[in-house]
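The values are calculated or read from the model by the stated rules, or taken from the named source; none is laboratory data. Because the structure is a prediction, the values reported are computed rather than measured. Glycine gets a Cβ as well: all are built from the backbone with ideal geometry, and neighbour counts include every protein chain shown. All accessible areas refer to the heavy atoms of the entire protein, side chains included, with ligands and DNA or RNA removed. Shrake-Rupley method; radii C 1.70, N 1.55, O 1.52, S 1.80 Å.
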Amino acid sequence: MVERLKERYQPKEIEEKWQRNWAAAGLYKVTEDTAKPKYYCLEMFPYPSGKLHMGHVRNYTIGDVVARYYTMHGYNVLHPMGWDAFGLPAENAAIKHGIKPSVWTKDNIDYMRMQLKQLGLSYDWDREVATCFPDYYRWTQWLFLQLYKAGLAYKKKAAVNWCPSCQTVLANEQVVAGCCERCDSEVVHKDLEQWFFKITAYADRLLDNLKKLPGWPEKVKIMQENWIGRSEGVEVAFPLAEGEGKISIFTTRPDTIYGVTYMVLAPEHPLVEELMAKAPNREEIEKFIQMVNKQDELTRTSAETEKLGIFTGSYAVNPLNGEQIPIWLGNYVLASYGTGAVMAVPTHDQRDFEFAKKYNLPLRVVIQSPEGDLDEETMTAAYVEDGILVNSGPFTGLGNQEAIEKICDYIEEKNMGSRKVNYKLRDWLISRQRYWGAPIPIVYCDKCGTVPDENLPVLLPLDDVDFEPGKQSPLAKSKSFVETTCPSCGGPARRETDTMDTFVCSSWYFLRYADPNNDEEAFSREKVDYWMSVDQYIGGVEHAILHLMYARFFTMALHDLGLVGVEEPFENLLTQGMVLKDGAKMSKSKGNVVDPGEIIEKYGADTARLFILFAAPPERDLEWSDQGVEGAHRFLNRIWRLVADWQNLLTAEGKGQAGKAEEALRRQTHQTLKKVQEDIANRFQFNTAISAIMELVNAAYHYREEVENPDPATVRETVELLILMLAPFAPHIAEELWSATGHQDSVHSQPWPQYDPKAIVSDEITVVVQVNGKVRERLSVPAEISDDELKEKALAAEKVQSFIGGKDVRKVIVIPKKLVNIVVG
RNA sequence: GCCGAGAUGGUGGAACUGGCAGACACGCAGGCCUUAGGAGUCUGUGACUCAGGUCGUGCGGGUUCAAAUCCCGCUCUCGGCACCA
């Protein structure tokens, strides 16, 4: 017996009911099944910050539609959720409110999990992972050791961001405009022993593989390409004029090498001390270096900062022409790129030009423009276009592009240097002097040195930890943690007290989802090979570089270690836009935050989902509108009333009469089905898919208005297809209406309906007639009309004739079954 | 500065391969229903208009029978990178 639908749509009641039923029935649980094609739909897991924000709702709603859509299409869909649960805010909460990070994080996870469940998302909750629990991070540690043994993890001294007030190292992301994000003091640089992953070993592959990712947005690929920053050039050694030393420089413009008039070293260059020892103006140089060191990173590396330098008193020799050139120090040369030294060609590099003008250094044109009007005396900017080499010894007269190759060959022949590829990409600094992260499983022993600790997990101490910032990180202060025995010799030893960057934890979570409860290994190769790669990954574009590059690096490295079959983790990537209010990103400081919890409470999850999907296409930013939410809610109410009104008819037996109105409604139903199907499959255009459903509902209302005795068969088909199409978007109301129309099974287990191609064709079509490109008439003609007939009809039309007047018909263009354009003049 | 994306009614957005600009929704206006509506339902809604039309997709040109869509030159907005030699 089918229950009568209530007159009013009460989302809260039905949403809670169906969420319970789905969970009880295990509707969203999946296992490997070779009988079906698999589909891995993944959304970027959240940081458990406290409660969901609208960006989460958007991200997870989009993913849910994709997952439900592919499920209905017969795929075995993996759709998991978890928590990126290590990180700084948990420690801040500990300091501020005295709550343990573990407790704070777990409470947040519990609350946000409840909120995700309220949204009716189709996750297999049996696969939930949280990176902060030992059953996960022991495998993060294990993977670290695999990289360590493969030579991909190493420790070296590096300049890091240091907050003098918090007495701790900060991640680059935690430095906001040169200041500490927590206390706002100015961040300085400090040399410390740090752990790195050798991501640079994969620079070329990370770059080349981008070509194998047609399912990624061009924008993201370009951002990664720029971040990797590959550039080809040549490294050339310039001998010092006095003594034995040499200074190597890197250049991408060897064609300008005869135009070098001086050389600039970074103040951090290793040779600076030696040069300074001989310099007459030693004190001034020291002052200069101190001054540059005081400039913070932001100004130091800004193109707008004034270029400052000082002469060292020493000279080097240009190996190509034997000329002596002065060696300068300059604030604009980066110690961390290339060799930390550059050759300066003021005529053909704008930075060198500005520097030379400021310090009155000589200029020499070595590439002449096609106009031939370049002159050192009159130049106001460097000439960086192509041209012909002049003043360049044996290379004079060559085109500069050709000269690049010739000069490189010459340099290599004469052993002055060699071709080299440089990258902007740096190795990934993964160590953090933090408590709430995965401890790096390394032990230091006086006898054995650095020893990997295979006895995993290396547990974070949960008690006896002092979170107050001080001279040492919380872990370094915890005696019970630090003091251990050497895994190799059994003697007394100390633990590494750094923890791993949280990006390490999130670089492999998509692999753990394939086999989340395995306590023998990080994941079984078999299960990972069944599920990987991720067919659709969805998340914010803010992760375009960091997370997405790290995850790609990890997957490649694990592939090379034989742990996974795939090289690239994410087949298709959708970067969703931000949620804005009043034109700005929602933020507490702007006071324009809309709380998803309140929206769900007031309108229900289906309304929230529908509004977010309808208001903008997924990649674009979405402007929040309270009235738009009302509109989405009204639409659901409209469907509810329609089905409630027709409920008797729907469950009634009997065939009715199928006339014109029925045929038209049926046509629109199947046309809508086709459009919704295509909008989702081709472009994830949920907004236009929903608008098509709205049009169908409007048509159904008109049918109900116009037809006295509606045909039960037509009505039933329309309503059932409508509910099926609605199911991925608004799962609760669809389920309720599905059950109210006499179905036992869940709407979410139904196959996606196929449209009837015969139903969508019409006998009559409307053709537009233009005269000189302007629409003058619309003709209703038989669908099978020939071009000649159409032309004839168009010319004969009364209104068209009046526009032709007496003029000559010069040309008639017929677009079959669509349009006729009559050119007169 | 370089790279990328975008600019369409009062608003969010449609328009797939060059072929009816403004679908759908919001807002607004009006009719019906109602004791009442901030509910529902139906209709209208780019601008100008001599009521026949004319103009109209950031600006200026061009190609074409036909341009929001293609080409050339700009302006502005957003995002990323930012002295990478």
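List of remarks:
- Relative protection proxy for A:585-595, A:151-161, A:337-347, from highest mean packing down: A:337-347, A:151-161, A:585-595 (other beta-carbon atoms within 10 angstrom).
- Theoretical FRET efficiency, 1/(1+(r/R0)^6), r = Cβ-Cβ of residue A:225 and residue A:455, R0 45 Å, to 0.05: 0.60
- FRET efficiency for residue A:524 and residue A:20, using Cβ-Cβ distance with R0 set to 30 Å, rounded to 0.05: 0.35
- Average projected area [Cα convex hull, the range A:544-656], square nanometres: 13.2
- Amide H contacts of residue A:563 (H built 1.01 Å from N, under 5 Å, at least 5 apart or other chain): none
- For the range A:617-719, the solvent-accessible area with a 1.4 angstrom probe is 49 square angstrom per residue.
- Toward the positive end of the charge dipole of the range A:73-208, with +1 on the Cβ of Lys and Arg and -1 on the Cβ of Asp and Glu, the farthest Cα among A:207, A:185, A:136 is that of A:136.
- Zone residues, the range A:234-259, relative to residue A:317, backbone N less than 16 Å from point 7 Å out along Cα-to-Cβ: A:237-248
- Total formal charge among the other residues, if their Cβ is under 15 angstrom from that of residue A:681, Lys/Arg +1 and Asp/Glu -1: +1
- Whole-angstrom gap from the range A:507-542 to the range A:249-278, using each part's C-alpha centre: 48
- About its Cα centre, chain A has a charge dipole of approximately 940 debye under the convention of +1 per Lys or Arg Cβ and -1 per Asp or Glu Cβ, with nothing else charged.
- Protein heavy-atom surface of chain A, 1.4 angstrom probe: 48% of the accessible area is carbon and sulfur, with nucleic acids and ligands not counted.
- Phi-based couplings in Hz for the range A:588-597 (Karplus 6.51, -1.76, 1.60; Gly and Pro marked x): 4, 5, 7, x, 10, 8, 9, 7, x, x
- Accessible surface ranking for A:423, A:755, 1.4 angstrom probe, highest first: A:755, A:423.
- Violating pairs (Cα-Cα greater than 24 angstrom) within the set A:190/A:471; A:36/A:219; A:51/A:96; A:155/A:424; A:12/A:675; A:29/A:221: A:36/A:219; A:12/A:675; A:29/A:221
- Residues listed by number, the range A:770-785, amide nitrogen under 16 Å from residue A:812 label point at 7 Å toward C-beta: A:770-773, A:776-782, A:785
- Spin-label model distance (nm) - residue A:517 vs residue A:369, 7 Å beyond Cα toward Cβ: 7.3
- In a simple Cβ point-charge model (Lys, Arg +1; Asp, Glu -1; nothing else charged), the range A:780-823 has a dipole of about 240 debye relative to its Cα centre.
- Relative protection proxy for A:633-645, A:404-416, from highest mean packing down: A:633-645, A:404-416 (other beta-carbon atoms within 10 angstrom).
- Each Lys and Arg contributes +1 and each Asp and Glu -1, all at the Cβ; summed about the Cα centre of the range A:286-344, the dipole is approximately 80 debye.
- Cα centroid separation, the range A:114-167 to the range A:673-704: 42 Å.
- Global geometry of chain A, whether rounded, prolate or oblate, following the gyration tensor of its Cα atoms and the 1.5 cut on a/c: oblate
- Global form of the range A:25-160, assessed from the alpha-carbon gyration tensor, a/c cut-off 1.5: oblate
- DSSP assigns beta bridges within chain A; of those with both partners inside it, close to 75 percent run antiparallel.
- The modelled label-to-label distance for the pair residue A:156/residue A:51, using points 7 Å beyond Cα in the direction of Cβ, is 4.7 nm.
- Per-residue ³J(HN,Hα) for the range A:127-144, Karplus 6.51 cos²θ - 1.76 cosθ + 1.60, θ = phi - 60°, Hz, x for Gly and Pro: 9, 4, 10, 9, 5, 8, 9, x, 5, 9, 6, 4, 7, 4, 5, 4, 5, 4
- Between residue A:262 and A:344, the built amide H atoms are under 5 Å apart, and every one of these is 5 or more places off in sequence or on another chain.
- The long axis of helix A:787-796 is offset from the longest Cα principal axis of chain A by roughly 70 degrees.
- Available extension along the chain between residue A:185 and residue A:652 is 160.7 nm, counting 0.36 nm per residue and deducting the alpha carbon span.
- Descending by average beta-carbon neighbour count within 10 Å, the peptides A:381-390, A:52-61 line up as A:52-61, A:381-390, the highest first.
- Residue A:814 sits among other residues whose Cβ lies under 13 Å from its own Cβ, and their net charge, with Lys and Arg +1 and Asp and Glu -1, is +1.
- With R₀ fixed at 30 Å, the C-beta to C-beta distance from residue A:585 to residue A:758 puts the FRET efficiency at about 0.05.
- Once all protein chains are placed together, residue A:704 keeps about 70 Å² accessible to a 1.4 angstrom probe.
- The convex hull built on the alpha-carbon positions of the range A:359-450 has an orientation-averaged projected area of 13.7 nm².
- Two-site label geometry, residue A:218 and residue A:232: point separation in nm, points 7 Å out along Cα→Cβ: 2.4
- Under-5 Å amide H pairs with residue A:314, H placed in peptide plane, nonlocal only: A:327
- Multiplying the residue separation of residue A:592 and residue A:287 by 0.36 nm and removing their Cα-Cα distance gives an extension gain of 104.9 nm.
- Residue-by-residue Karplus 3J(HN,Hα) for the range A:112-121, coefficients 6.51, -1.76, 1.60, Hz, glycine and proline x: 6, 4, 4, 5, 5, 5, 5, 7, x, 7
- Proximal charge balance of residue A:99 [Cβ under 15 Å; K/R count +1, D/E count -1]: -3
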